[in-house]
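Notes follow the structure.
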Amino acid sequence: MKQLYENGTIITMEQDQMLVEAICIEDNKIIATGTKKDLETAYPDAKIVDLNGKTMLPAFLDAHSHFTGFANSLRLCDLSNVTSFDELVDVMKTFAKEYQVSSTDWIIGTNYDHNYMKEKEHPTRLVLDRISDTNPIYISHASSHMGVVNTKAFEVMKVDPNVQDPKDGKYGRFEDGSLNGYMEESVFVDFISRVPMPTIEDMMKLYKQAQTIYASYGITTVQEGFTNHGLLQLLQAAASKDTFYLDVIAYVDVKEKEDLCDLYPAYEQYQHHLKIGGYKTFLDGSPQGKTAWMQEPYKDSGDYCGYPAMTKEELEQVILKSVQKERQLLIHCNGDAAAKEYVDEFYKVAKLNPDKELKRPVMIHAQLVRKEELERMNEIQMIPSFFVAHTWYWGDIHIRNFGMERASMISPVQTAKQFHLPYTFHNDTPVIPADMMKTVWCAVNRQTKNGVTIGEEEAVSVEDALKAITIHAAYQYFEEDVKGSLKAGKHADFIILDKNPLSIDKLDLADIVVLETWKDGVCIYQRNA
């Protein structure tokens, strides 16, 4: 059945015709856009859908997040508003009691941030021991790059008290050298990967809850940002049960012993809304956690510049694999040293393999990428995917860690635009909520929580911010022919907003509400329905 939408603002995100009066949809596809008169004449049998002055946009695409991580977080204790160690202990005790956690089950907290705690430091295992000395406990930092465990957790996981730090991670220690419970980067990632997951049945329920939340923010395509073999099998099991109605694009760990792309080649195309998009790995850590790899030291930190997650030789092999197999590569880079290394090495490998087609490599986060690297990205088709909401969530912390001049350089979106790069935005959910209109607000206003305007010269227009989560994001996924704009022949993936983002005060952008989200011509979310 044809449906003809009219009597509202229809923003197509097509550069040659940004606004149209009407759009006609049949089944799962857009069949026409144009004037109200022309479409009513062309499709007299279409059902008229009155937008009543509301705004229609293409659905948003999540350029980077951790879909399963977010789903899993829905069963965890939220510590995002905790402001002291005492409050953290009370909140987790209450959580364990309310959810009737047995005396030996894991108690897990998520999204604490030491930067906003009274103590201005990470808690230790002794703090977490106050919650329980019989339950293993871990809490993950808001950056997801570090966390803390209690004494029982070390015991259960058989962590050697004399363990040494690897080159790409760190254990926190008390003055006597004993482990204090803090871990960062590779050691924390390895630790939590060994914590038991929920049952498959519970994960199916959590996946459904997670999709509802993503859809409530207008998102119809999500990313599984770092996928090992076990996680891919879980995703495949969910897909086979038709659990997914959002499109889920998984990026597999490029360092897995078995190449998961080669092992499951059928999944390079959607199978029940799941596909493999390419490879993913990490080159550094978190700027707010001071593990991002910088060219110059952090402020008031001596000569400390953070550190890389791999050697130059390892990075070259990762890039070589992606180039020779002609698959997309996503690498997490926050610091300017990491960004430079990625661009340098990709440029070198590309020049040595001129017969290979480059597959739009992506620099994930690109927080402190410099102008010099952005200027070179087009030649190797590299896309910066900015975590631009850092301006709000951690802008004040970046000022403290880097000073105002360097902090103002985070997420240099306007510079990327000047070099004609198809930049994208993401929220790295579950690091922060998948609220795309809040991200648009951040890109346009660049204000910190303390009200400081940070790097005003890197702010972009509302239209340019919307491109990052629609047509540019579709391009990042090689889906620009079917998603990202309202155009005849594309999927009927669209949203209805209560206000027009192009006409309201830019300070009110974050207050815009998603009223409806449609995927392939089916309404998958309706506010207050």
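The values are calculated or read from the model by the stated rules, or taken from the named source; none is laboratory data. Values in this document were obtained by computation on a predicted structure and should not be read as measured data. FYI the Cβ positions are ideal-geometry reconstructions off the backbone, even for glycines, and counts take in every protein chain you see. These area figures cover heavy atoms from the full protein model, side chains too; ligands, DNA and RNA do not enter into them. Shrake-Rupley method; radii C 1.70, N 1.55, O 1.52, S 1.80 Å.
Scanning the stretch 275-296 for residues that are of a type outside the set (D, E, K, R), open to solvent by 10 Å² or more (accessible area, probe 1.4 Å) and over 18 Å from the mean Cα position of the chain (by Cα) turns up 293, 295. Taking the stretch 1-16 as the range and being at pLDDT 95 or above and either among the acidic types (Asp, Glu) or under 30 Å from the mean Cα position of the chain (by Cα) (or both) as the test, the residues that pass are 6, 9, 10, 11, 12, 13, 14. Somewhere in the stretch 246-259, is a residue in a strand (DSSP E or B), modelled with pLDDT of 95 or more and surrounded by fewer than 20 Cβ atoms within 10 Å (Cβ to Cβ)? Within the stretch 246-259 (the criterion being in a strand (DSSP E or B), modelled with pLDDT of 95 or more and surrounded by fewer than 20 Cβ atoms within 10 Å (Cβ to Cβ)), the answer is yes, since at least one residue qualifies.
Assess whether residue 289 counts as being within 19 Å of residue 410 (Cα to Cα), small (Gly, Ala, Ser) and in contact with a strand residue (DSSP E or B) (Cβ under 7 Å, 6 or more places away or on another chain). So residue 289 passes the test.
When restricted to residues that are in contact with a Pro (Cβ under 9 Å, 6 or more places away or on another chain) and either buried (at least 24 other Cβ atoms within 10 Å of the Cβ) or assigned to a loop (DSSP other than H, G, I, E, B) (or both), the stretch 382-406 contains 7. Scanning the stretch 74-91 for residues that are among the polar types (S, T, N, Q), open to solvent by 40 Å² or more (accessible area, probe 1.4 Å) and more than 30 Å from residue 207 (Cβ to Cβ) turns up just one, 83. Residue 359 satisfies every condition listed in (1) surrounded by fewer than 23 Cβ atoms within 10 Å (Cβ to Cβ); (2) out of contact with any strand residue (DSSP E or B) (no Cβ under 7 Å at 6 or more places or on another chain); (3) in contact (Cβ under 8 Å) with a residue 60 or more places away in the chain except (2). Scan the stretch 416-436 and give yes if some residue there is touching a Gly at 6+ places or on another chain (Cβ under 9 Å), open to solvent by 20 Å² or more (accessible area, probe 1.4 Å) and of a type outside the set (Phe, Trp, Tyr), otherwise no. Yes; the residues of the stretch 416-436 include at least one that is touching a Gly at 6+ places or on another chain (Cβ under 9 Å), open to solvent by 20 Å² or more (accessible area, probe 1.4 Å) and of a type outside the set (Phe, Trp, Tyr).
The set of residues in the stretch 192-206 that are in contact with a strand residue (DSSP E or B) (Cβ under 9 Å, 6 or more places away or on another chain) and either within 13 Å of residue 75 (Cβ to Cβ) or buried (at least 19 other Cβ atoms within 10 Å of the Cβ) (or both) contains only 195. The residue of the stretch 437-449 that is least open to solvent (accessible area, probe 1.4 Å), among those that are on the phi < 0 side of the Ramachandran plot and not in a helix (DSSP H, G or I), is 448.
Inspect the stretch 229-242 for any residue being closer than 30 Å to residue 205 by Cα, of a type outside the set (S, T, N, Q), open to solvent by less than 30 Å² (accessible area, probe 1.4 Å) and part of a strand (DSSP E or B) and give the result as yes or no. There is no residue in the stretch 229-242 that is closer than 30 Å to residue 205 by Cα, of a type outside the set (S, T, N, Q), open to solvent by less than 30 Å² (accessible area, probe 1.4 Å) and part of a strand (DSSP E or B). When the stretch 76-118 is filtered for residues that are acidic (Asp, Glu), part of a loop (DSSP other than H, G, I, E, B) and more than 15 Å from residue 148 (Cα to Cα), only 105 remains.
Close Cβ contacts (under 7 Å, 6 or more residues apart or on different chains) running from residues in the stretch 443-458 that are under 16 Å from residue 509 (Cα atoms) to residues that are β-branched (Val, Ile, Thr) and open to solvent by 60 Å² or more (accessible area, probe 1.4 Å) comprise 446/453; 447/453. Candidates 466, 486, 507: the one that is in a helix (DSSP H, G or I), surrounded by 17 or more Cβ atoms within 10 Å (Cβ to Cβ) and of a type outside the set (Ser, Thr, Tyr) is 466. Can you find a residue in the stretch 127-135 that is acidic (Asp, Glu), in a loop (DSSP other than H, G, I, E, B) and at pLDDT below 95? Scanning the stretch 127-135, I find at least one residue that is acidic (Asp, Glu), in a loop (DSSP other than H, G, I, E, B) and at pLDDT below 95, so the answer is yes. Please indicate, with yes or no, whether at least one residue in the stretch 200-212 is free of Cβ contacts under 8 Å to residues at least 24 places away in the same chain, among the β-branched types (Val, Ile, Thr) and over 23 Å from residue 282 (Cα atoms). Checking the stretch 200-212: not a single residue is free of Cβ contacts under 8 Å to residues at least 24 places away in the same chain, among the β-branched types (Val, Ile, Thr) and over 23 Å from residue 282 (Cα atoms).
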